[in-house]
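First the structure, in the form of structure tokens, and then the observations on it.
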Amino acid sequence: MFKQNKFTVSHAPFWHDGDSIKAMNLNIMAAALPATLFGVFQFGMAALGVICLSISSAMAWEALFNFVSKRPIAIHDYNAAVIGMMFGMMLPPTITWWAVITGTFVAVIVGQQIFGGIGGNPFNPAAIGVSILLLSWKNLFDFDAALLNYQFDFTALAPLAALKHQGPGVVELFPISSLVMGNQIGSIGSVFGAGIILGGLYLIIRGYIRWEISLAYILGIIVTAWIFNITDPSKYANPMFHLFTGYTLFGAFFLATESSSSPVNLIPMFIYGAMGGFLTILIRNIGSYPDGTLYAILFINLLNPLIDKIRPKAFGKGYEQCAK
Amino acid sequence: MREMIKMVVVLTVLSAFSGGLLASVRTGTKDKIEQQVLKFQKAPAIKQILSDVSNDPLQDRFKIMDKEQELTFFVGKHDGKPDAVTFETAGKGFGGDLGLMVGINIESDAIIGVCVTTHSETPGIGSRAKDDPKFAAQFAGMTMDKNFATKKDGGDIDAMSGATVTSKGVCVAAQQAQDIYTRLKPEIQKQIAQMAN
Amino acid sequence: MGDYIVLAISCILINNILLAQFLGNCPFLGTSKRMDTAVGMAMAVVFVIVLAGVITWITEIYLLKPLDIEYLRTLSFILIVASLVQFVEMFLKKSIPALYTGLGIFLPLITTNCAVLGVCLINIKEEYTFLETLVSSFTYSVGYGFALILFAGIRERIILARVLKPLQDTSIGLVTAGMIAICFFAFIGMV
Amino acid sequence: MIKRSFIRLTEPKLKCDLVEPDPKEPEAIPIPPRMILLLNEPLDSQRESIIKKGDMVKRGERIFLYKESQEYVTSPVSGTITAIAPFTGNFGKVATYFVLETNTKQDIEHSFAEFAANPGIENADRYLRGIPGDPPLKQLADPENRYNRIMITGVDDDLMCTTRQYVLTRFREKISKAVALLKQLTGINDISIVIPATMANLSAFNGMNLVRVTSDYISSLPPMIMDKHLGTPFVPGKAGKDLDVCFISVEAALSLVRVYEDKQPVYDKVITIIDKTGKRSRVTATIGTPIHRILTQLGVETAEQDRIIIGGPLRGIAAYTLYHPVMPDMDTLIVQARGEIPRVSDYPCINCGKCVKICPSKVPVNLLVRYLEAGLYQEAADSFDLFSCIECGLCSYVCTAKIPIFQYIRLGKHELMKIESDIKTEAQDV
Amino acid sequence: MAQSILKEFNKGLWEQVPPFRLVLGLCPILAVTKSVENAVGMGLASTFVFVFSNLLVAMLRNIIPSKVRIAAYIIIIATFVTVVELVMQAYTYPLFLKLGIFIPLIVVNCIALGRAEAFASKNPPLASVADGLGMGIGYTISLAVVGALRESLGNGTLLGHTVFGPDFLPFRFMLEAPGAFVCLGLVLCVMNLIGKK
């Protein structure tokens, strides 16, 4: 008789592809890095400060909430860090410190933790945070405030606000190439179109976001803006302008694709994305906000549980009757 | 059957009691309510428009029947001379009627000012018509021959961003005022003259 | 026609009876835990609000106003709503049992749904014409149903999430409703 | 273990292993002095068992626990029963195990010869349930089941397993006999053989129905074969009597042939063993042999906290003891090193959608798992297609949050079945 | 006797404080809590209705046939609601305007009907009045608490006085519709936490 070892007993499957929430979150943060770094380069140390404060306070809030609610502290999965980063990227570099901390509180705790933490949030937490901040302190979100502090060699106007107030004549001030390369005023993480696309493509290739959503969202933007544009070019800007300004690309790759608030089936993903793009342009062109991305994304988040009920027929479904 | 009769009797007595109570409360408060409406709804708007008058416009008021509508005009005096009238018109907003108090200088036929009295617009957006000084200020000084419509509709008024319908409603009310004033000017002048005497 | 469309969009999305005017919250929180009850309630609400809106409007214009007894409005409207609900319930039970099994259990709840009386009072307060009353009653109630169904979709998932004990049920429901109200801000300024 | 590839635009394609082109003869494991037999019936302390400690059994003798018992286990050797004790398996399912001291003198149960002269499905069920390959004789013999088609599967149903393929290639000449025997036993004429698509040299199968499946994982699972190759719908949650196809492993078919040819019972099971380094060896061991015998003979090391997997890496079960016996359906034995074992986590579903994308039966796994976690099994079955699951394990394999989804699904099905059978017995009692 | 009446009064203040423990009457607590003033006004108006309807229902409890009792209660409640409406219109007109249709809507406030049915129809007038008063005051306090939270955070003021100093940028979200829901949800959570102890 030999010595009996204790073996690990658990359930099938005994293999795993090695992916984890932590890996996913780190990848998302890495993908967001080019756009963020560009923002820091563009807006200086103030932007870096905002991003750092945003990430650290988001993690601190989560840890605090976990501690108070006597749950295991889970900041090592970087979930709060991702929310903080997304949130920080949507802020103007001129924002004050206490607004960042309040905002991350709203995003992390009200937006996610009270719904049961990761996976429970019905809305994108970062979008909730920014939209509540926007409702409260509109003045802090004045991107044009950057004018006071910086010297730029391009048109230093927030493109969408200019469009809203002065009409599509301003479009000519913003050549697409310079918008793509980040020569525009906006939030820290959303100005550098090329960087966001790069990050987004990375995430798509790595399979961390669902390409169907991003694609449908961008198509929704282009088609809707194009239809508006051809009906009255003197009132509505062209699709490319819409695509590369404001939060559009950021929304397409980082906000709309937040996993727990977006659908997972194929057709719903297309409906969800396209609806988001459509609403964004609708709000910009006939609504009252310069940039409709946030509200559009929150609204499609709201539709998500409903449209995600459209799903393929499960295997063998519908044969039960025949069998009986 | 007895129960049936009891039911009917009880409900009838209850209703009668309720009706009686309410009728008496109503009679007791009727005048007071009318005063209050005048004081709180019309007065602030009138005061805002006719801020520098020497009289109390609430006292110096007269009524004119215009078509089927009774309009109350409040007269403002500058240095004892009655040269301004204000009256209320209505436009359509989001969720219904939007009252607009319009003050007109009868000598120059120019608008002194406008002020939104009642509205039921979306909180935060439509109510800006009441609070946004810039929007209302656009009307001041405009003469009666101007087109009181939003720029979108080919007029001279800048709509409030994000409150197109409300802006339109205010403009419609202003146009109505313009219409009424032009139509009733002789009558108004007659009344004012009477008042001065 | 355009005016009616504007009124309709405003009633459904912008001035949503539930999320912007805060009417009918008790049944909103009560019947939104499951999708099927939410759908049933939504249909019942549309049905009753349209009927009640029309009847109270007629009462106001042809009875209360001519007799100058508008101060009896609250009293008469609530009696109309209450008896209407009773009547509808009896009528459905006898004539359309299929619909009754679907809506029946929600009808008694509707008497205390302040959205019904609220819409009737709004119609009078805004001095709507008959057609406008019809449109506003229908679209307000559709807006109510729309919000209710969307909320139920989300709530079905929240019930399964790991929500902390003191936050469960009504508390988290209200917070979610607040976020839905933010979503509806998307439509501000569209008409 | 196959790790996530860097580029993950499309879903991972897992390939089943193919049997080596020129397989070695399996190493034979001698009959050990002590055997363990598992009987699928719980021990009941209230009743008096007809089998006792110290009883002698003969090779081929059926061991019943109680007089009215339906379930039996056949003894693979002649010996003395030295222990009877309860055994707890998956989902807390209770069985009974017997420890058998092997006698030096082996003799065959006398009734066996009599039976073997008399082929028929009823008789086969009465004597042959425990032969290698675990033929579904009980189902075939059940008059309520109306099968009209038999599939002999020569492909394995998990990633690293190759035993069936080995048996198929090694004994391909006997397949025609197996087909003839099954026809004779069951009276079903439509018999096909499932073979790997890559298999060459098919002359031995001339004149037979062949179904060729690729080596992609799950294309060899019965529901998939039915769906893709037979045009017969897979019906969720229905087994046996509602299906018209019976799947029988190639080893079972060949065991039947051997029994009737040699007129004596067979108990030597072919098993593929994969050690921690991935080295593959094949043995034949008598059913009932404790697995430590096999591992020791092959020199396979096991250490504390390693994992012993019976079956493949995606659908198998983990053994908690090295005294686990060789079972009739135990095709593969994998030893997984401690460091290789992926951990499950306590995270809730984060709705990443990978499971939904990969699920071959299009089950809304993301929602299903929430309901299962909450214990709402009936709802899961009614609205979220619990029974459409074909139990491939891919959802757990890709789950980012590392939720034991597969286990939840099995548990859910198990609980529902239990409720159903409870209702049935209650109805019968009434 | 006095003790039991005190008990009826007290339970409305804490044990069964209506909007939190009974989760009734949520609509007003969301709609009229933009400021403490509105909240208290609404609370007092509701209290008046609760007390008098309870009183009348308790007095008539043996007369009203049970088949028509709900109709009778509704008539009684509606009567007192209208009284409140008229009185407020006459004496506190600005408040009446701010509370809008929520005054007539007290009639469908589940608390009123709920207390009439659950308590007043089974108890003597004095206890019923105590019950109605307790419920009403509990309701008023709840409204005031939510109102104080929303006003102080959302506007930086409390009953018109600045509370956080001049540099405080008010968290306007609290005054908007979504803020009302979120705020009430969180207050409810806190109440659940306290209640557990």
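The values are calculated or read from the model by the stated rules, or taken from the named source; none is laboratory data. Predicted model, so just to flag it, every value in this text is computed and none were measured. Neighbour counts run over all protein chains shown; Cβ positions are idealised from the backbone, glycine included. Ligands, DNA and RNA are excluded from the accessible area calculation, which covers all protein heavy atoms including side chains. Shrake-Rupley method; radii C 1.70, N 1.55, O 1.52, S 1.80 Å.
Provide a whole-number value for the mean count of partner chain Cβ atoms within 10 Å of the Cβ atoms in peptide E:58-65.
3
Which whole number gives the average count of other chain Cβ atoms within 10 Å of the Cβ atoms across peptide B:141-151?
Counting Cβ atoms of other protein chains within 10 Å of each residue's Cβ and averaging gives 0.
If we count every other residue with Cβ under 12 angstrom of C:Lys65's Cβ, Lys/Arg +1 and Asp/Glu -1, where does the sum land?
-3
Roughly how far apart, in whole Å, are the Cα centres of the range A:20-58 and the range D:223-285?
For the range A:20-58 versus the range D:223-285, the Cα centre distance is 55 Å.
Might you work out the accessible area of C:Phe91 for me, using a 1.4 Å probe with all protein chains in place, and round it to the nearest 10 Å²?
Accessible surface of C:Phe91 is approximately 100 Å².
Can you give me the distance in nm between label points at D:Leu202 and E:Asp167, each placed 7 Å from the Cα along the Cα-to-Cβ direction?
8.5
Only sites in a loop by DSSP and with at most 11 other Cβ atoms within 10 Å count here; which GluC sites (Glu not before Pro) in the range D:74-152 make the cut?
D:Glu144
Among D:72-78, A:79-85, what's the highest-first ranking by average C-beta atoms within 10 angstrom per residue?
Answer by packing, highest mean first, reads A:79-85, D:72-78.
What residue among A:Asn149, A:Asn183, A:Asn124 shows peak mean-square fluctuation when chain A is described by a Gaussian network model with Cα springs under 10 Å?
A:Asn149
Give me the percent of accessible area attributable to carbon and sulfur for chain A, probe 1.4 angstrom. Don't skip to the answer; put the middle values down first.
Values: 8100 of 11620 Å².
Here it works out to 70 percent.
Need one number: convex hull volume per residue for the range B:38-81, Cα atoms only, in Å³.
Details: hull volume 3.3 nm³, N = 44.
So the per-residue Cα hull volume is 75 Å³.
Among D:Ser219, D:Ser69, D:Ser281, whose mean-square fluctuation peaks in a Gaussian network model of chain D (Cα, cutoff 10 Å)?
With Cα springs under 10 Å in chain D, the top fluctuation among D:Ser219, D:Ser69, D:Ser281 is at D:Ser69.
Can you pull out the trypsin sites (Lys or Arg not before Pro) in the range B:7-78 whose DSSP state is coil and whose Cβ has at most 11 other Cβ atoms within 10 Å?
Hits after loop and neighbour filter: B:Lys67.
Can you give the accessible area of D:Met208, probe radius 1.4 Å, in Å² rounded to 10?
40
Could you give the spread of the C-alpha atoms of chain C along their three principal axes, from largest to smallest, in whole angstroms?
Principal-axis extents of the Cα atoms in chain C, largest first: 58, 45, 30 Å.
In the structure displayed, which of B:Lys146/B:Lys185; A:Lys313/D:Lys183; D:Lys357/D:Lys402 lie more than 27 Å apart, Cα to Cα? Write out the running numbers ahead of the final one.
Numbers: B:Lys146/B:Lys185 17 Å; A:Lys313/D:Lys183 37 Å; D:Lys357/D:Lys402 16 Å.
Beyond 27 Å between Cα atoms: A:Lys313/D:Lys183.
Roughly how many Å² is the accessible area per residue of the range E:2-148, as a whole number, for a 1.4 Å probe?
Spelled out: the 1.4 Å probe surface of the range E:2-148, per residue, equals 34 Å².
Give me the base-10 log of I(q)/I(0) for the range D:354-429 at each q in 0.12, 0.16, 0.18, 0.26 Å⁻¹, Debye formula, one uniform scatterer per Cα, rounded to two decimals.
For the range D:354-429 at q = 0.12, 0.16, 0.18, 0.26 Å⁻¹, log10 I(q)/I(0) is -0.33, -0.54, -0.65, -1.19.
Please give the Cα centre distance for the range C:42-88 versus the range D:362-430, rounded to the nearest Å.
Here the two parts' Cα centres lie 50 Å apart.
Counting only protein heavy atoms, probe 1.4 Å: which residues of the range A:281-303 lose 10 Å² or more of accessible surface in the full assembly compared with their chain by itself?
Residues of the range A:281-303 that lose at least 10 Å² of accessible area once the other chains are added: A:Leu282, A:Ile283, A:Ile286, A:Gly287, A:Ser288, A:Tyr289, A:Tyr295, A:Leu298, A:Phe299, A:Leu302, A:Leu303.
Can you divide the C-alpha Rg of the protein assembly as shown by 2.2 N^0.38 Å and report the result to two decimal places?
Compared with the compact-globule rule of thumb, the protein assembly as shown sits at 1.16.
In the range A:21-139, what is the volume of the convex hull around the alpha carbon atoms, normalised per residue and reported in Å³?
Dividing the Cα hull volume of the range A:21-139 by its residue count gives 91 Å³.
Using square roots of five times the C-alpha gyration tensor eigenvalues, list the equivalent-ellipsoid semi-axes of the range A:154-307 in whole Å, biggest first.
That gives 25, 18, 12 Å for the three semi-axes.
Which chymotrypsin sites (Phe, Trp or Tyr not before Pro) from the range A:1-85 combine a DSSP loop assignment with at most 11 other Cβ atoms within 10 Å?
Those that pass, being in a loop and sparsely packed, are A:Phe2.
Expressed as a whole number of Å, what is the distance separating the alpha-carbon centroids of the range D:85-135 and the range E:123-176?
A separation of 79 Å, based on Cα centres.
Using just the C-alpha positions of chain E as equal point scatterers, what log10 of I(q)/I(0) does the Debye formula give at each q in 0.10, 0.13, 0.14, 0.16 1/Å?
Debye intensities relative to I(0), on a log10 scale: -0.43, -0.70, -0.80, -1.00.
Once both labels are modelled 7 Å past Cα along the beta-carbon direction, what's the D:Asp382-D:Lys183 spacing in nm?
Once both label points are built, they end up 4.9 nm from each other.
If I build a Gaussian network model for chain A, linking alpha-carbon pairs within less than 10 angstrom, which residue out of A:Gly273, A:Gly167, A:Gly18 has the largest mean-square fluctuation?
The residue that fluctuates most here is A:Gly18.
Under 11 Å from the Cβ of E:Thr82, count the other residues' Cβ atoms, weight Lys and Arg +1, Asp and Glu -1, and hand me the total.
Summing Lys/Arg as +1 and Asp/Glu as -1 gives 0.
What is the sum of charges around A:Leu266, taking Lys and Arg as +1, Asp and Glu as -1, for the other residues whose C-beta is under 14 Å from the C-beta of A:Leu266? If you can, show how the numbers build up before the last one.
Details: positive: A:Arg210, A:Lys309, A:Arg311, A:Lys313, D:Lys354, D:Lys357, D:Lys362; negative: A:Glu212, A:Asp308, D:Glu11.
Residues near A:Leu266 contribute +4 overall.
Which value, in square angstrom to the nearest 100, describes the accessible area buried between chains A and D on both sides, using a 1.4 angstrom probe?
Working: alone 16280 and 21410 Å², together 32030 Å².
It comes to approximately 5700 Å² buried between A and D.
Roughly how many percent of the accessible protein surface of the range D:32-102 is carbon and sulfur, given a 1.4 Å probe and a whole-percent answer?
50
Along each of the three principal axes of the Cα atoms of chain A, give the extent in whole Å, ordering the values from largest to smallest.
Projected onto the principal axes, the Cα atoms of chain A cover 86, 53, 32 Å.
Can you tell me the alpha carbon radius of gyration of the range D:284-417 divided by the globular rule-of-thumb value 2.2 N^0.38 Å? The partial results should precede the final answer.
Values: Rg = 17.2 Å, N = 134, 2.2 N^0.38 = 14.1 Å.
That ratio works out to 1.21.
Given a Förster radius of 51 Å and the C-beta distance between D:Ala95 and D:Thr232 as r, what FRET efficiency does 1/(1 + (r/R0)^6) yield to the nearest 0.05?
0.95
Taking Rh as the Kirkwood radius, which is the inverse of the mean 1/r over Cα pairs, what is the Rg/Rh value for chain D?
Details: Rg = 21.8 Å, Rh = 23.0 Å.
Here Rg/Rh amounts to 0.95.
Under the rule of -39500 (n - 2.57) per DSSP H run of 4 or more residues, summed and divided by the residues of chain C, what mean residue ellipticity at 222 nm is obtained, to the nearest 500 deg cm²/dmol?
-22500 deg cm²/dmol
Could you run the numbers on buried accessible area between C and E, total for both chains, 1.4 angstrom probe, in Å² to the nearest 100?
3000
Okay, which of the range D:355-386 sit inside 13 Å, backbone N to the point 7 Å along the Cα-Cβ direction of D:Lys424?
No residue qualifies, since no backbone N sits under 13 Å from the label point.
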